[in-house]
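The values are calculated or read from the model by the stated rules, or taken from the named source; none is laboratory data. The structure displayed is predicted, hence computed values, not measured ones. Every residue, glycine among them, receives a Cβ derived from its backbone with ideal geometry; neighbour counts consider all protein chains shown.
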Amino acid sequence: MRLTVKWLLWFTGIGIYVLCLGGVFYYNLFKWTFDEKLKKDITETVRVYAPTMRNGLLKNPKIISFGEYDIMQSLVKDERIASVLYLSRAGTVRWHKQSRFIGMAWADFQKDYPPPTDAIGQAYLSKLPKVRQVPKEPFYEIAIPFSVRGEIIGIIDVLVSKAGADVLIGVAMRKYIFGAIGVLFLLGLPLYFFLHHFIISPMETLKDSVETISLKNFDLRFPSKKDEIGDLADAVARLLNKMKIEIDGIVNRDRKYKDAEQNWWRSLLSIIVPGNEYVIVVDENNNILYANFELAGGGDAKNIHLLDVVDSQQQNLLRLVGQAFETPNQPVEGETVFRNQSLNVKVLHVGEMSEMNRTLIMFYPKPGITM
């Protein structure tokens, strides 16, 4: 897998993880913020009306005043408020949107319409406003008591819908998602250009430079860089230099070995082989190591192939050489024409390892014929 693809997958994965983690955090933060704002707004709204409602309760505990009635109508018209229940200190329903419940005792009202939570009871006992989440429904029940000198004179119970807050939360979360994606894009774009310019592109240049290296040219053509890529290029250049030195050493050692072997064959065969006979020694690649006669082009036998000396049309000689390869360490004899002469030939193939195989070809005159 390409490095850019890995980076893209990692960046996308980490971005999604951070996005989800931040989403959970901000969702809960938005939910808490908007829920608290909703509770506070409703509570503050009722507190604004509290003096009028308190005066009405003190003047006539049984019958609601016009001022209180206007307040109830104003609360009912609020889109956030689903229902309003107003109780007097006598424990009767002082106001409800259904007029048939007005004046009904609280105990009887509970039988027909049990309260969704214990907010009213807790507000009565603590003499403080109480907010309760309605189980499995998107509503808050807010019970606010009115007291004079520590005595409860009335309670207003408001059922508040969370739908508006949920809409605001949804809008805020959508803005968060679009904003987070934009931030990831704006952050990822320069990071990608940085990755491509300072890592991917230099590595591709280094790869192209390495691919141009051959056994004849070990120079690494890579611009000098003072970073990790430059350190890697320097390490590769040092490795190539060591390889060049090793290969040069091997080549020189082989050259010296072949020179020594050629001198050995020259010294040995000059004593053994008479002057009127021809002898050729070839290596494992059929390159001539030694010949006791002047080869075509003159000079010593170096980097000259056997077929450069023996015509490929001399099938009889080539057949004898093939037989010698098939029966190593056993001489193969026959006749051939060499240097425009009809001669006897003896071929001997020696050696067990492929890199140390040697073939000795000796041409000598037939009995009774002088060369």
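Details
- Listed by first and then second residue, the pairs linking a residue in region 185-196 that is of a type outside the set (A, V, I, L, M, F, W, C) to a residue that is in a helix (DSSP H, G or I) and surrounded by 15 or more Cβ atoms within 10 Å (Cβ to Cβ), with Cβ atoms under 9 Å apart and 6 or more places separating them unless they lie on different chains, are Gly188/Phe11; Gly188/Gly15; Tyr192/Trp7; Tyr192/Phe11.
- Test: residue in region 244-258 that is hydroxyl-bearing (Ser, Thr, Tyr) and farther than 26 Å from Asn287 by Cα: no
- For region 213-229, the set of residues classified as closer than 24 Å to Thr4 by Cα and free of Cβ contacts under 8 Å to residues at least 12 places away in the same chain consists of Ser224, Lys226, Glu228, listed by residue number.
- Some residue of region 73-84 being among the hydroxyl-bearing types (Ser, Thr, Tyr), within 16 Å of Gly154 (Cβ to Cβ) and either assigned by TED's automatic domain parsing to the domain that holds Arg149 or touching a His at 6+ places or on another chain (Cβ under 9 Å) (or both): no
- Residues of region 220-243 that turn out to be surrounded by 13 or more Cβ atoms within 10 Å (Cβ to Cβ) and either closer than 25 Å to Asn287 by Cβ or among the aliphatic types (A, V, I, L, M) (or both), as a count: 8
- Residue check, Ile71 touching a residue at least 24 places away in the same chain (Cβ under 8 Å) and surrounded by 15 or more Cβ atoms within 10 Å (Cβ to Cβ): no
- Only a single item in (1) within 30 Å of Tyr17 (Cα to Cα); (2) in contact with a Leu (Cβ under 8 Å, 6 or more places away or on another chain) is not met by Phe198, and it is number (2).
- Looking across region 309-334, the residues that are touching a residue at least 24 places away in the same chain (Cβ under 8 Å) and either within 16 Å of Lys366 (Cβ to Cβ) or not in a loop (DSSP other than H, G, I, E, B) (or both) come down to Leu317, Leu320, Val321, Gln323, Ala324, Phe325.
- Hits in region 223-243 (condition: in contact with an Asp or Glu (Cβ under 9 Å, 6 or more places away or on another chain) and not small (Gly, Ala, Ser)): Lys225, Leu240
- Any hit, region 212-219, residues being within 29 Å of Gly249 (Cβ to Cβ), of a type in the set (A, V, I, L, M, F, W, C), over 20 Å from the mean Cα position of the chain (by Cα) and surrounded by fewer than 12 Cβ atoms within 10 Å (Cβ to Cβ): yes
So that you can scan it fast, the table gives a plain yes or no per residue for (1) touching a residue at least 24 places away in the same chain (Cβ under 8 Å); (2) outside any helix (DSSP H, G or I); (3) under 20 Å from Lys216 (Cα atoms); (4) more than 49 Å from the chain's Cα centre (by Cα):
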site	(1), (2), (3), (4)
Ala237	no, no, yes, no
Asp248	no, no, yes, no
Asn263	no, no, no, yes
Ser270	no, no, no, yes
Val281	yes, yes, no, yes
Asn285	no, yes, no, yes
Leu295	no, yes, no, yes
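- The set of residues in region 222-243 that are at pLDDT below 80 and among the basic types (Lys, Arg) contains only Lys225.
- Enumeration of residues in region 31-68 that are of a type in the set (A, V, I, L, M, F, W, C), surrounded by 14 or more Cβ atoms within 10 Å (Cβ to Cβ) and part of a loop (DSSP other than H, G, I, E, B): Ile64
- Reported count of residues in region 19-77, each being in contact with a helix residue (DSSP H, G or I) (Cβ under 7 Å, 6 or more places away or on another chain) and basic (Lys, Arg), is 1.
- Considering region 335-344, and only residues there that are touching a residue at least 12 places away in the same chain (Cβ under 8 Å) and either out of contact with any strand residue (DSSP E or B) (no Cβ under 7 Å at 6 or more places or on another chain) or loosely packed, with under 12 Cβ neighbours inside 10 Å (or both), the residue that is nearest to Pro367 (Cα to Cα) turns out to be Ser342.
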